[in-house]
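The values are calculated or read from the model by the stated rules, or taken from the named source; none is laboratory data. It should be emphasised that the depicted structure is a prediction, and the values quoted were computed from it without experimental measurement. Quick reminder, even Gly has a Cβ in these numbers, built from the backbone with ideal geometry, and neighbours come from all protein chains shown.
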């Protein structure tokens, strides 16, 4: 049975955890959080919905690249296969955890730019603008 493939945006809620397998291949675990925000017209305020925490697992070069690119609070865009596991905790309550095995992941540019190192290294210096509005070569 094929697992569902999903894509979506997640906030990074814990520092990314980069590890290496026994054969020295990198993999990364990110705790992502997804939640709805709804506008309450009565209070004229935004309200957060219930959070859904998802462990996002990325491996290979993508893991290393993502590790260097994100921090707590960043929004990431992820596509991959979702799975769920259940267990009974020490307190006797049933627990659930969701894991997204990512095929692709990257930093979202929804709220701020995320220039790549390649872009920063090759970008031309911006031209200076004189107070008259003319572009100055200095």
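Per-structure values
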quantity: The range 61-104, residues that are within 20 Å of residue 21 (Cα to Cα) and in a strand (DSSP E or B); calculated: 99, 100, 101, 102, 103, 104
quantity: All positions within the range 20-71 that are under 23 Å from residue 95 (Cβ atoms) and either free of Cβ contacts under 8 Å to residues at least 12 places away in the same chain or surrounded by fewer than 10 Cβ atoms within 10 Å (Cβ to Cβ) (or both); calculated: 48, 50
quantity: Lone unmet requirement of (1) at pLDDT 90 or above; (2) in contact with a strand residue (DSSP E or B) (Cβ under 9 Å, 6 or more places away or on another chain) for residue 9; calculated: (1)
